[in-house]
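Engineer: Okay, here's the structure, questions in a sec.
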């Protein structure tokens, strides 16, 4: 993500080539890597002082530092009295990972011996060795764990999960209250850890899409509680004070990683829309847009596989309908989140999620004015009726069908959560398109319950941002959806509809970097003549040899509906052959149906072509995941 900057000074004892390499390495180093390297170099320098280069070589040869690069111990190791803590996270879009990194920094400053751990790299059996644990876990889809946390979740819920009576833990859940299973994974992990004998260090916290302030306050409180308990548990000197080693050591600290741009999540970049093209042909039932935004003078950069977060503005018509249904004046004065005086219409337009109807919002609305109809909907036995009511409806429908006389503007505002950003997979390589980023966006429009509905962000980009105007955005990294580091590795890409976006970025990147690896695309949509997104580009890539193979499925062009998974089965032998050669496979698109069908198809292919049992094939596919050769970006 970072660009090369000059960190190594000219007077440093390195050749120009060595200095260039170090600059390249250091600008990309994470804070955790910097901290580890600092400890490693201290031990390495000590070995040099004790025995020169021969002593350092002996350290390497005898395994005191093995191939996995474990830090060297100090020459005279003293037992540390610092309490240890692990921050375990499961993430889909990167939010849980970012919070975990922040929690680790805070824990280290407080004196903890802290580490951060991705659930994809962890085992529940290791919990027996932990003292303190913070779990930060997001919920995906219909109450599911994130993709990379699914294996950990399964093992934690199984009989092999250990007893953990000596563990103190706390759980932070991230979710979206517009979904029925809000923060379900946080609830599941909290309950299971307690069931296994763990001791809660504090109450679980369930965070909605506007999670930052709540999450950071919870982290601070949880760490403080764990610290006080750790202090009390350590034997202290007769003077009654905790050992000095317990507290953070003052002195030089590892330099923080530079952001290289003033723009990010807390300060989105006002990006100019350079171009907008409808990708579908005349007569299509879809409206898919190719959008090009300027990053000039932003300092923002990205990698293929990353996403762009757009901060939209609500449709004015929708906002006016809400205010009218509430019987209020759009000019009513309120205070914005930034503390500025604005009118009610402007506040809802820019600050509020004005459409998403959820059980939580209906509960809040019912508390303002008890209503027998809503009370019945909210009964546990009325779950199916509640979901039927929510489906296809928005907040304005609630106001119309269950009006509250004399609803105050303040009460109306309290119903809304903050308008969340929308994430879109990047459809370009910055190497091929300097200072630009391209997106592929399907405009959502439909009709239900006697009203026309619009996707908040997709129609904001389609209708309300003109070419030449600006939209606020920032880069959302996705380090779990990356091209192979070896450019010679073959890749298989499965991306129907707008899921093809990141693979356009992959092809641009591989073309401009001269990657030699083979490339195979599976693409699907409704009709060949109207819905083949970026058709000419794919055909040019195929003609030029960059795209080795391309198999397409247009479901409405055949008597029987054919999808990408059917094309995969038709070429199962070749797919398995590529996998055996070391190919990586990528899937992007709909999580509810397509991604699950493709996953099942992949297991069938391995079963058939690898002459394996279903269990062995599942293990094979899981190993692909573990080695980052099977990556999914699904939504």
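Derivation of every value follows stated rules applied to the coordinates shown; laboratory data play no part. Bear in mind that the values here come from a model prediction, so they are computed numbers and not experimental data.
Engineer: Two decimals, Cα atoms only, Kirkwood Rh: what is Rg/Rh over the stretch 308-454?
Structural biologist: 1.04
Engineer: Calculate, in nm to one decimal, what residue 262 and residue 379 gain on full extension: separation in residues at 0.36 nm each, minus their alpha carbon distance.
Structural biologist: Roughly 37.3 nm would be gained on extension.
Engineer: Work out how much length residue 128 to residue 543 would gain on full extension: take 0.36 nm times their residue separation and subtract the Cα-Cα distance, in nm to one decimal.
Structural biologist: 143.7 nm
Engineer: Another question about this same structure. Reported to two decimal places, what Rg/Rh ratio describes the stretch 335-386 when computed on Cα atoms with Rh from the Kirkwood expression?
Structural biologist: Taking Rh as the inverse mean 1/r over Cα pairs, Rg/Rh reads 1.15.
Engineer: So if I take the centroid of the Cα atoms in the stretch 438-490 and the same for the stretch 604-635, what is the distance between those two points in Å?
Structural biologist: 30
Engineer: Using 5 Å bins from zero, what percent of all Cα-Cα pairs in the stretch 89-242 falls into each bin?
Structural biologist: Binned Cα distances yield the sequence 1, 10, 19, 23, 21, 14, 7, 3, 2, 1, 0, 0.
Engineer: Now a separate question. Once all Cα-Cα distances of the stretch 400-550 are split into 5 Å bins that start at 0, what whole-number percent is in each one?
Structural biologist: 2, 7, 13, 16, 16, 13, 10, 7, 5, 4, 3, 2, 1, 0
Engineer: Apply the a/c threshold of 1.5 to the C-alpha gyration tensor of the stretch 491-634 and tell me whether it is rounded, prolate or oblate.
Structural biologist: oblate
Engineer: Taking 0.36 nm per residue of separation and subtracting the Cα-Cα distance, what length does fully extending residue 324 through residue 615 add?
Structural biologist: Fully extending the segment from residue 324 to residue 615 adds 98.9 nm.
Engineer: Does the stretch 289-377 come out rounded, prolate or oblate by the C-alpha gyration tensor, with a ≥ b ≥ c the root eigenvalues, rounded set by a/c under 1.5 and, if not, prolate when a/b is larger than b/c and oblate if not?
Structural biologist: prolate
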